[in-house]
Amino acid sequence: MVKYIYKEFKSVLNKLKFPDSWFWSRYTLNTYSGCAHACIYCDARSERYYIENFENEVIIKTDFDKKLDQRLKRARSLLPDVIAPGGVNDAYQPIEKKIEHTRKVFQIIAKHKYPINIATKSKLVTRDLDILKKIANDTWCTVGFSISTINEELAKFLEPYSSTPTERLEALKTIKREGSEIQVGTYFIPIIPFLADDDENLENVFKQSKDAGADFVLFSPGLTMRDSQAVYFVKKLKQSKYNHVVKPLLELYKGQMHPPSQYVRKLHLKLLKLSEKYKLSVRVKRWIPSDYRKWNYKISELLLNKEYIDSLKTGKSNKTLMWAGLNLNNLEESILDVYKRDELHTLPNFNTKIIEIVEPILKKSKDLKQKTGLEKFL
Ligand code: SF4
């Protein structure tokens, strides 16, 4: 029996130093603390989050909507950018149906015209289609359903209190049909070794996501195995009909937090092929603001996506490219102005190779002729 506790929280919005290149979020918020979905692999059980009893005691943060409204009203230092609700909780966990706590918060986000990216395992998200459509029309809205397996029996074991995978895919279909302005897809995360990494499941997730109307499938091979979370997961496996995977799982991880790179690489290549076969993007299309950040965000998206896709293909990551893309999000003027001054080389991590990628795109930009920054006043 889950215990629900109402509690005051001071902070309602957390600003990230750099946007997350998977979800493109700049802000995170958690309407709840704890999650009654109680997935047996959930990382919230690890010590780094210090969430005690996280699936049996769910905290409902009181007056969250009012506090967020105040925060966004006096947000001189904040620029609208993507908000991602839920980190180690699901904004649409069971209690939400009754109390509409997240719904009220999303109404505030819509009121202030901030874009949003929701990851959920619940079909309940379709209840709020009216708000999500408004956000999508005003700015940008993405909804991704977390799916690890299409096998209903395995899903029931792994994610006992979420909507079933079929229900999640049905909800995806509904959003696609009734809110085509909303970007939808599947977060194929985590892909659990020996339980959900077989060719049949990989193919099924892509095929069924495509059939439901997904725009993207994001994936992450392996499962993080961290201190108390790993202990709990292995204990649950041992007590189940899946106990035969404990031995190979522990042999694969060898006490590490992540599976070895050869394992990840093999799966990445398979997943990449499937994304090509089903014509599904492996990245979420980014929200692009219309202010001075417009080209910074476009170029950043291009660099970060290139770095990601190259790393999937080659197995090597390019840190310079990654940091060039990340740092560009914090530039306080338009990259077009920097280009016009012939100073691209002064941007952090912009070496000759990166300038060769970026320059032809900026050169062709129609916005190049527009006066920006101080030029407007001259
Ligand atoms: S829905 Fe997400 S946050 Fe909630 S228990 Fe499952 S994995 Fe954890």
Count of region 304-322 residues which are under 15 Å from ASP20 (Cβ atoms) and hydrophobic (A, V, I, L, M, F, W, C): 2
Could you check region 89-115 and list, in sequence order, the residues that are among the aliphatic types (A, V, I, L, M), within 13 Å of the ligand (Cβ to nearest atom) and closer than 20 Å to ILE182 by Cβ? ALA91
List pairs: first in region 43-60 and at pLDDT below 85, second near the ligand (Cβ under 10 Å from one of its atoms) and of a type in the set (Lys, Arg), Cβ under 7 Å, 6+ apart or cross-chain? PHE54/ARG45
Do any strands (runs of 3 or more DSSP E) entirely within region 1-85 hold 2 or more residues that are within 15 Å of the ligand (Cβ to nearest atom) and closer than 16 Å to ALA119 by Cα, and if so, which? 27-29, 83-85
When (1) in contact (Cβ under 8 Å) with a residue 60 or more places away in the chain; (2) out of contact with any Ser or Thr (no Cβ under 9 Å at 6 or more places or on another chain) are applied to GLY144, the one that fails is (2)
Do we have any residue at all in region 212-222 that's touching a helix residue (DSSP H, G or I) at 6+ places or on another chain (Cβ under 7 Å), of a type outside the set (Gly, Ala, Ser), at pLDDT below 95 and within 17 Å of SER146 (Cβ to Cβ)? yes
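How about region 238-248: which of its residues are of a type outside the set (D, E, K, R), without any contact (Cβ under 8 Å) to a residue 60 or more places away in the chain and closer than 15 Å to PRO193 by Cα?
Once the filter is applied, which keeps residues that are of a type outside the set (D, E, K, R), without any contact (Cβ under 8 Å) to a residue 60 or more places away in the chain and closer than 15 Å to PRO193 by Cα, region 238-248 yields ASN243, HIS244, VAL245, VAL246, PRO248.
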Exclusive hit being free of Cβ contacts under 8 Å to residues at least 60 places away in the same chain, within 24 Å of SER21 (Cα to Cα), away from the ligand (no atom under 16 Å from the Cβ) and outside any strand (DSSP E or B), set LYS176, LYS210: LYS176
Which one of these does SER290 not meet: (1) in a helix (DSSP H, G or I); (2) among the hydroxyl-bearing types (Ser, Thr, Tyr); (3) free of Cβ contacts under 8 Å to residues at least 40 places away in the same chain? (1)
Just checking, does region 294-311 include any residue being more than 28 Å from ALA119 (Cα to Cα) and not assigned by TED's automatic domain parsing to the domain that holds ASP138? no
Taking region 105-128 and keeping only residues that are in a helix (DSSP H, G or I), crowded, with 18+ Cβ neighbours inside 10 Å and not polar (S, T, N, Q), one is left with VAL105, PHE106, ILE108, ILE109, ALA110, LYS123, LEU124, VAL125, ASP128
Residues that are closer than 30 Å to LYS241 by Cα, part of a helix (DSSP H, G or I) and either among the β-branched types (Val, Ile, Thr) or within 16 Å of the ligand (Cβ to nearest atom) (or both), drawn from region 129-162: LEU154, ALA155, LYS156, PHE157, LEU158
Being among the acidic types (Asp, Glu) and in contact (Cβ under 8 Å) with a residue 60 or more places away in the chain is the requirement here; does ASP215 meet it? yes
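One line per residue, one yes/no per condition, for (1) modelled with pLDDT of 95 or more; (2) assigned to a helix (DSSP H, G or I):
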residue	(1), (2)
LEU326	yes, yes
GLU333	yes, no
VAL338	yes, yes
ASP342	yes, no
HIS345	yes, yes
ILE357	yes, yes
PRO360	yes, yes
ASP367	no, yes
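The values are calculated or read from the model by the stated rules, or taken from the named source; none is laboratory data. These numbers were taken from a predicted model, which means no experiment stands behind them. All Cβ positions, even for glycine, are placed from backbone atoms using ideal geometry, and neighbour counts span all protein chains on display.
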